[in-house]
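Read through the structure below, which is laid out as C-alpha cells, and then see the notes.
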Amino acid sequence: MYEKIIKPVFFRFDPERVHDFVSFVGRILGACALTRWIVRASCDYEHPSLATRVAGIDFKNPIGLGAGFDKDVRLTKIMPAVGFGFMEVGAITHFPYGGNKKPRLARLPDDRSLIVYYGLKNDGAAAVEERLRRLDFTFPVGINIAKTNRADIKGAASVEDYAATYRELAHYFSYVTINISCPNAQDGCTFQDPVMLDALLGALAREVKVRPVFLKLSTHLSADEVDAILAVVEKYPFVDGFVLGNLSKDRSILHLRSSKEELDAIPAGGISGAPVRALSTAMIRHIYRKTGGKYILIGLGGVFTAEDAYEKIKAGASLVQLVTGLIYGGPMAVKRINRGLVKLLARDGYATIADAVGKGAQNSADAAARRSVIK
C-alpha cells in the first residue's frame, strides 16, 4: 500500500510539509494505546537472535531511527510500535532555532536520497526538558546534542553551549550523541577540527558522565582526518563510540544521478541515503580495524534493506540507524529489515547480532574499496 499508493501521493507534495504531516499523525497514533497496538500488530517483528546488549543497554533489535526525523521528542510513543529497537532524537541545541530559510528539504528519487538543509531547527533544550518531564520511554532513546546554529556563538561560547545542553538533558536519555558534524550550521563542521574537538571533549570531561557518550562524524572525512579525530578521542576515555555518519556535503564523490536542476534546488544542503552508503560502511570498517574494535559503532547512511544493515554490522557496527530508508520504504521497512537480518544470521551460522559484529572488517578484499571511498 505504501509503495503503490501512499508514497506516490506523498511525493507529489513538498517534503517538509509531508514530514510535518506524518509527524502529526504519529503523535496522534502514539497517544492512544489502541492505535499503538494496531500499528504494532502490523509493523513490529521480534526474534531472539535480534536482541542485543550494547553499552549496558538492552535493545530488542539493532535497528534504530536516526536523529533528524524527530527533532523535538514528539514521536517516542509511536516508534516502538513501528518496530524500531531504539531511536535518537534531535539534534537539540541549548537555544531554540527556527532553522535555515526554505526550501530546506528536497527529494532525489533517482538516487534514493534527500537534500537536507534544516540547519539544526529545534525547540531548544528548555522546551524539550519541559516535554521530557511528562514522558516515560518504553525503549532506548538517545539524544543528539549540537551547537546552537547562531553566528554569535563561537569559540569558548560554543563549547559551553554543548556542555549546557549536556548538563540539562543527558540524564533523561539512554545515551548521548555529541553531534560535531552538522553540515548545515553557520560555522560549518568546526568541531571535527582536532584542536576544537580537544577543547570540546576537555570541557565535557569535566562534566559528570551520566550516560554512554558517542560522537557523530561526517561520512566524507578522509582517512587522515578520521585518524586525527581518533588521536584526540583516545585521550578521553569517557567517549564510548561513534555514530557513522552524518550527511555528506561533498557531492563530488557521491556519483549522483539526479539532474543539475534537482541538485541546485538546495545547493548548500547535505546528501543522505543511498549515495552515502559505501562511505558510511567504509568509515565503520576503517575505525573498527584501526582501533581493534575498541569503540562501539552505530552505522547510519543508506540503509534500505537487511543486506544494507548487515553490511554495516559485519563491518563493525553494533547498531544501525535509518532515516531516508524509512521515508522511501515506509513503516514496514523496519519489519522487512529485521526479518531479513534473522535470515542472514542463520545463513552465516550466527546465533545473535553480536556474533556478527565486525566479522567482515578484516576481509582483505575490502581494502581497495575502502581506500577508494575514504579518500
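Quick test of your reading of the structure: ILE178 fulfils all but one of (1) surrounded by 23 or more Cβ atoms within 10 Å (Cβ to Cβ); (2) over 16 Å from the mean Cα position of the chain (by Cα). Name the failing condition by number.
(2)
Suppose we filter the range 137-159 for residues that are more than 16 Å from LYS216 (Cβ to Cβ), touching a helix residue (DSSP H, G or I) at 6+ places or on another chain (Cβ under 8 Å) and modelled with pLDDT of 95 or more; how many remain?
Of the residues in that region, 2 qualify.
Within the range 261-289, work out how many residues are touching a residue at least 12 places away in the same chain (Cβ under 8 Å), more than 12 Å from ASP250 (Cα to Cα) and either among the hydrophobic types (A, V, I, L, M, F, W, C) or in a loop (DSSP other than H, G, I, E, B) (or both).
Here the count works out to 10.
Out of the residues in the range 312-332 that are assigned to a loop (DSSP other than H, G, I, E, B) and more than 14 Å from the chain's Cα centre (by Cα), state the one that is surrounded by the most Cβ atoms within 10 Å (Cβ to Cβ).
Per the stated criteria, the residue is GLY316.
Where in the range 10-112 are there strands (runs of 3 or more DSSP E), lying wholly inside it, with at least 1 residues that are under 20 Å from the mean Cα position of the chain (by Cα) and over 29 Å from ASP240 (Cβ atoms)?
Here the list reads 105-108.
Please verify whether GLU88 is among the acidic types (Asp, Glu), under 21 Å from PRO212 (Cβ atoms) and either crowded, with 23+ Cβ neighbours inside 10 Å or touching a residue at least 60 places away in the same chain (Cβ under 8 Å) (or both), treating the condition exactly as stated.
In short, yes.
Being among the basic types (Lys, Arg), surrounded by fewer than 24 Cβ atoms within 10 Å (Cβ to Cβ) and assigned to a loop (DSSP other than H, G, I, E, B) is the requirement here; does LYS294 meet it?
Criteria met by LYS294.
Taking the range 342-375 only, how many residues are among the small types (Gly, Ala, Ser), modelled with pLDDT of 95 or more and within 22 Å of the chain's Cα centre (by Cα)?
Going through the range 342-375 one residue at a time, the tally reaches 3.
Taking the condition of being under 17 Å from ARG211 (Cα atoms) and within 17 Å of the chain's Cα centre (by Cα), how many residues in the range 139-163 meet it?
8
Return the residues of the range 115-154 that are buried (at least 24 other Cβ atoms within 10 Å of the Cβ) and over 22 Å from GLU168 (Cα atoms); say none if nothing qualifies.
Result: ILE115, VAL116.
Do we find a residue being within 14 Å of SER280 (Cα to Cα) and either hydrophobic (A, V, I, L, M, F, W, C) or in a loop (DSSP other than H, G, I, E, B) (or both) anywhere in the range 252-259?
The answer is yes, given that some residue of the range 252-259 is within 14 Å of SER280 (Cα to Cα) and either hydrophobic (A, V, I, L, M, F, W, C) or in a loop (DSSP other than H, G, I, E, B) (or both).
Can you name the number of the only condition in (1) of a type in the set (Lys, Arg); (2) part of a loop (DSSP other than H, G, I, E, B); (3) closer than 28 Å to ILE63 by Cβ; (4) at pLDDT 95 or above that ARG134 fails?
(4)
May I ask you to list the residues in the range 192-243 that are in a loop (DSSP other than H, G, I, E, B), in contact (Cβ under 8 Å) with a residue 24 or more places away in the chain and among the aliphatic types (A, V, I, L, M)?
VAL210, LEU221
Based on what the data block shows, is CYS182 within 20 Å of TYR97 (Cβ to Cβ), touching a Pro at 6+ places or on another chain (Cβ under 7 Å) and either among the acidic types (Asp, Glu) or at pLDDT below 95 (or both)?
Answer is no for this residue.
So ILE57 clears everything in (1) more than 21 Å from SER280 (Cβ to Cβ); (2) touching a strand residue (DSSP E or B) at 6+ places or on another chain (Cβ under 6 Å); (3) of a type in the set (A, V, I, L, M); (4) surrounded by fewer than 20 Cβ atoms within 10 Å (Cβ to Cβ) except one condition, right? Which one?
Looking at each condition in turn, ILE57 falls short on (2).
Give me the pairs: first residue in the range 152-179 and assigned to a loop (DSSP other than H, G, I, E, B) and of a type in the set (A, V, I, L, M), second residue modelled with pLDDT of 95 or more and buried (at least 21 other Cβ atoms within 10 Å of the Cβ), beta-carbon distance under 9 Å, and six or more apart or on different chains, which are they?
Close Cβ pairs satisfying both conditions: ILE153/HIS94.
The values are calculated or read from the model by the stated rules, or taken from the named source; none is laboratory data. Since the structure is predicted, the reported quantities are computational estimates derived from the model, not experimental observations. For neighbour counting, all protein chains shown are included, and Cβ atoms are generated from backbone atoms with ideal geometry for every residue, glycine included.
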